[in-house]
Amino acid sequence: MIRTENLTKVYQMGDAEVYALHDVNLEIQEGEFIAIIGPSGSGKSTLLNMIGCLDTPTSGAVFIDGIDTGKLSENGLAEIRREKIGFIFQQFNLVHTLNALENVALPMFFAGVKRETRLKRAEELLANVGLGDRIYHKPSEMSGGQQQRVAIARALSNDPEVVIGDEPTGNVDTETGNTIIDILEGLNKEGRTVVVVTHDAEIAARVGRTKRMRDGRVLD
Amino acid sequence: MRDKLLMAYRSIRERRTRSILTVLGIAVGIAAIVSLMSVGYGMEEAITGELTGYADFIGVFPAKITGTTYVELGSFTDRDLKDVQRIGGIKEFSAMTFDSAEVEYRNKRVPIFFISGDTKELESMYVEPVGLKEGRWLRENDYKGCVIGDRVANDYFDEVVHVNDKLIINGEKFIVVGVFEKASTLYASDIDPYIFLTLRATKEALQTDEINYIMVRVYDIEEAEEIAEEIKEAINDNHGLDDFANAMTMGSMIEMMGDVFNIIRGVLVGIAAIALVVASIGIMNTMLMSVMERTHEIGVMKAIGAKSSDVLSLFLLESSMVSLVGGVVGCVLGAVAAKVISLGAGTALGIEFGAVVKPEVLLGGMVVAMVVGVLAGFYPARKASRMSPVEAVRHE
Ligand SMILES: Nc1ncnc2c1ncn2[C@@H]1O[C@H](COP(=O)(O)OP(=O)(O)OP(=O)(O)O)[C@@H](O)[C@H]1O
Ligand SMILES: [Mg+2]
């Protein structure tokens, strides 16, 4: 379960203070599939980054499985990112010097999983997203949709409870977008909590719960 | 570990041009140090090594030497010679005349220095190390024969002088009986511009028997300084002066040379250090650029769960691999450069010496390469590893 408590992120822009998040109180239940929608600049990415432990709040707190992430050390946060959360970016963000297999195996590498084990698992994960025949391709040798599927496989590498996607379909065509949503839906059916940000009303309609954001606040 | 190495290798290979430039930067700095030091050691060894062969020599001359000026104060008397020979511990003794004369060959006249002395002694001092190119060495009863140095034969006159050619020395005809090889060793290089005569020839034909150089060999090198002191005192007593004679052991010459070489080596190391500082700045710059360029990648790694220490160790591994290669290449280049430089310098100076590539210099070069490379990589890598993941990922 993920819970935020008066989560606030303020950016200082010259003399002005920009509230990217303003007292956000949100609860996401285990096994939920939730979509966050809202206009550009409303704070969706900022919220996901907080939940994904990629960024630290100005004030307020994020609880993951009851743990106050603000009280964790650098390494403790790294462990949560590595073990509990799989993050999918709009820009894919694969390591371009590594091929698909190695990219997917990377989180397991940081987790200290044995080489044979992680390569085998990476291969399975790639097969699951339909890329069994592309495992030695570098990111530059793949389409956007294929890269995003590699990124999904990578997010699943350490079998996380939570999968977070910041506009995972934002940079792919509608058809691929649907495939990606299918995959995410499948992950949710396996019991994982899935949180996505999207601009796509169709996607929003397919998920269990939708939360709307505006000006750094989550609306009811 | 193997995986980390592999990953580091991958990203080095991925940025081939930059990596090669970094390796070159390190290599050039290290090569500069290694080659300059090796040349310095080579020079030192060539000179002191050769002089050490003459460590039992004491040269005695009636002159004051202050700095580089040599003021001749007269010549030695028969009594001086006898007194010196009486001093204990002396194995060999040789009195020589050292003067200049007008020499003419095929209508060209030049002043040239000549040395005359006991032929056996001169033979062991000059003929053995240098060798004759033509003819033979002097015999004690050679009345009007002479042996000439390489420059006398080749440079001083319009035509090259050979064996059996006639030279007119101070108006007297002499026959060239032998020509020296070009003296390639440092110690004996001063024989190239000389003419060698027998004592009899100088006395009878040139009417001079002034002895102004005594060469002594001692049995025990340990006693050399002491004996030199005794010789000086004996001769000074005869002349009633404090500083008429000057007796120099090879040992003190080597010491003097040693000082000079410390200075030369200091200068060489200084130059190398400047080269290294310049190279280090270059290395730091490339490392900084390379890390900055990959801030995004670092952010991605952290976002998927890498610890700061994982990132740091990957980057340090990468920079130490680059430094290692740079160090090895630098040592090889430096050793080769040292050989080439010493060959070139040797030819230019007319002396023979090989660079001495000491293992400790190579080891030092490797250590410096690693330290510089890793330090240069450490700062940017640590900075990058401490960024928050979003901050780093946003960096494109
Ligand atoms: N690093 C930053 N520095 C300053 N302001 C920032 C920074 N990151 C975000 N903001 C501001 O915070 C607000 C929320 O940004 P955020 O990226 O969360 O919006 P978003 O809802 O994800 O928008 P989009 O749909 O365009 O991705 C915006 O007003 C943005 O300008
Ligand atoms: Mg966004």
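Odds and ends about this structure:
- Reachable lysines, given that their alpha-carbon falls under 24 Å from the alpha-carbon of residue B:339 and they are not under 8 places away in the same chain: B:182, B:358
- For residue A:163, nonlocal amide neighbours, meaning residues 5 or more places apart or on other chains whose placed amide H falls under 5 Å from its own, are A:86, A:193, A:194, A:195.
- Relative exposure of B:194, B:156, judged by other C-beta atoms within 10 Å (fewest first): B:156, B:194
- Max mean-square fluctuation residue, GNM over chain A, Cα-Cα springs under 10 Å, options A:47, A:101, A:77: A:77
- Counting only aspartates and glutamates at least 8 places from residue A:189 when in the same chain, those with an alpha carbon closer than 13 Å to its own are A:30, A:32, A:161.
- Selection among B:324, B:207, B:129 by position relative to the dipole of chain B gives B:324 as farthest towards the positive end (Cβ unit charges, Cα centre).
- Other-chain or far-sequence residues with amide H under 5 Å of residue A:217's (modelled H): A:22
- Around the amide H of residue B:133, modelled in the peptide plane, lie the amide H atoms of B:179, B:180, B:181, all under 5 Å away and 5 or more residues distant in sequence or on another chain.
- Crossing angle, helix B:359-385 versus chain B [Cα axis fit, 0-90 degrees, rounded to tens]: 20
- Semi-axes of the equivalent ellipsoid for segment B:90-218, computed as √(5λ) from the eigenvalues of its C-alpha gyration tensor and ordered from largest down, come to 22, 17, 12 Å.
- Charged side chains reduced to their Cβ positions (Lys and Arg at +1, Asp and Glu at -1) give chain A a dipole of some 360 debye around its Cα centre.
- Listed pairs A:71/B:302; A:138/B:307; A:114/B:383 exceeding 21 Å between Cα atoms: A:138/B:307; A:114/B:383
- Cα gyration tensor shape for segment A:111-196, rounded if a/c is under 1.5, else prolate or oblate: oblate
- Result for chain A in a Gaussian network model with C-alpha springs under 10 Å: among A:111, A:151, A:61, the largest mean-square fluctuation is at A:111.
- Counting only Cβ charges, +1 for Lys and Arg and -1 for Asp and Glu, the dipole size of segment A:130-204 around its Cα centre is about 300 debye.
- Kirkwood Rh (inverse of mean 1/r, distinct Cα pairs), chain B, angstrom: 25.8
- Tail weight of P(r) past 39 Å, computed on alpha-carbon pairs of the protein assembly as shown, percent: 56
- Listed by chain and number, the lysines whose alpha-carbon sits under 30 Å from that of residue B:64, ignoring those within fewer than 8 places in the same chain, are B:82, B:91, B:120, B:203, B:232.
- Unit Cα scatterers, Debye sum, chain A: log10 I(q)/I(0) for q = 0.10, 0.11, 0.14 Å⁻¹: -0.44, -0.53, -0.85
- Taking the charge dipole of the protein assembly as shown about its Cα centre, with +1 at Lys and Arg Cβ atoms and -1 at Asp and Glu Cβ atoms, the residue from B:19, B:93, B:227 reaching farthest to the positive side is B:19.
- With contacts taken as Cα pairs under 8 Å at a separation of at least 6 residues, chain A carries a relative contact order of 31 percent.
- The phi-based Karplus calculation (6.51 cos²θ - 1.76 cosθ + 1.60; θ = phi - 60°) puts the 3J(HN,Hα) values of segment B:245-253 at 9, 10, 10, 10, 8, 4, x, 5, 5 Hz, whole numbers, x for Gly and Pro.
- Here the Karplus curve 6.51 cos²θ - 1.76 cosθ + 1.60, taken at θ = phi - 60°, turns the phi angles of segment B:310-324 into couplings of 4, 5, 4, 5, 4, 5, 5, 4, 4, 6, 6, 5, 4, 5, 4 Hz, with x standing for Gly and Pro.
- Between helix A:115-128 and chain A: long-axis angle, C-alpha atoms, 0 to 90°, nearest 10: 80
- For segment A:60-71, 3J(HN,Hα) per residue [Karplus equation, 6.51 cos²θ - 1.76 cosθ + 1.60, θ = phi - 60°, Hz, x = Gly/Pro]: x, 8, 10, 10, 10, 6, x, 8, 6, 5, x, 8
- Residue A:40 paired with residue A:19, simple spin-label distance in nm, labels 7 Å along Cα-to-beta-carbon: 2.3
- With each label modelled as a point 7 angstrom along the Cα→C-beta vector, the residue B:242-residue A:127 pair spans 10.2 nm.
- Computed from point charges on the beta carbon alone (+1 for Lys and Arg, -1 for Asp and Glu), the dipole magnitude for the protein assembly as shown about its Cα centre is near 3340 Debye.
- Taken residue by residue and averaged, Cβ atoms of other chains lying within 10 Å of the Cβ of A:91-98 number 5.
No value in this document is a laboratory result; all are computed from the given coordinates. Source: prediction; values computed, not measured. FYI the Cβ positions are ideal-geometry reconstructions off the backbone, even for glycines, and counts take in every protein chain you see.
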